[in-house]
Amino acid sequence: MSYRVFLVDDHGVFRSGVRAELAREDAIEVVGEAGTVAESVAGILSVAPDVVLLDVHMPDGGGVAVLRGVTDGAPRAKLEKMPVFLALSVSDAAEDVIATIRAGARGYVTKTISGQELADAVRRVAEGDAVFSPRLAGFVLDSFTGRSPVPEPALDPELDSLTPRELEVLRLLARGYTYKEIAEDLFISVKTVETHASNVLRKTQQSNRNALTRWAHTRHLAD
């Protein structure tokens, strides 16, 4: 059995290292990689890997945003099956582990893992197992038995309704970027930025850009 893997991490040097480690495994093929949420979602939907190695924290939203973007886009992309997500993160904080698993990841390992252990984790999640670094499984068990100190995330329907690209545009709007600057930063046209901004205003039920900026700042989206 051969497994196709997609790498998501905003550090290119780290992706290169992971790719080199996995290249030693005959049954694992790295079929793509990306360093932003939007590129990751597009790449995953395009190549339909078996397993996605998922960074938890990235500047434009991180692992949970990638999970949501792929889930939302899967029907349009007509994926035969959803890929399995394995978080690979420097963080071993309970809130990160629980949030990522709640979003749909099948496992969570830290970046201290060896190349051989990572390859084994890829195979295991692809075959249906749940995989966690030592002590992290306890966070998940505590969460599902109600003993976790980490509270359930608050529901925010307006924010959750945004696509990954709309969330990117919102963050930049909240930071004071002009439409032209956003277009240049995201490599899209000004007209496309205007369309995304209009969608964001409608979905968040804000009347204008000033109100939208205040709304975004209350949710720390401009940080």
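The values are calculated or read from the model by the stated rules, or taken from the named source; none is laboratory data. All values derive from a computational prediction rather than experimental measurement. Every residue, glycine among them, receives a Cβ derived from its backbone with ideal geometry; neighbour counts consider all protein chains shown. For accessibility, only protein heavy atoms count, side chains too; no ligands or nucleic acids. Shrake-Rupley method; radii C 1.70, N 1.55, O 1.52, S 1.80 Å.
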Estimated vicinal HN-Hα couplings, Hz - region 122-132 in sequence order (Karplus 6.51, -1.76, 1.60; Gly, Pro = x): 4, 4, 5, 5, 5, 8, x, 7, 9, 10, 9
Of Ile44, Ile113, which has the most accessible area with a 1.4 Å probe, and how do the rest follow in descending order? Ile113, Ile44
Hits among lysines - C-alpha to C-alpha of Lys180 under 16 Å, sequence gap 8 or more where chains match: Lys191
Residue by residue through region 102-110, which ³J(HN,Hα) values in whole Hz follow from phi under the Karplus form 6.51 cos²θ - 1.76 cosθ + 1.60 (θ = phi - 60°), with glycine and proline marked x? 4, 6, x, 5, 8, x, 8, 10, 8
To the nearest 10 square angstrom, what accessible area does Leu221 show with a 1.4 Å probe? 10 Å²
Once both labels are modelled 7 Å past Cα along the beta-carbon direction, what's the Glu158-His11 spacing in nm? 3.6 nm
Given charges of +1 on the Cβ of Lys and Arg and -1 on the Cβ of Asp and Glu, with all other atoms neutral, how large is the dipole of the chain about its Cα centre, in debye to the nearest 20? 580 debye
Which is the longest run of the chain containing none of the GluC sites (Glu not before Pro) found in DSSP loop states (not H, G, I, E, B) with at most 12 other C-beta atoms within 10 Å? 128-223
Give me, ordered by chain and number, the residues 5 or more places off Phe132 or on other chains with an amide H under 5 Å from its own placed amide H. Tyr108
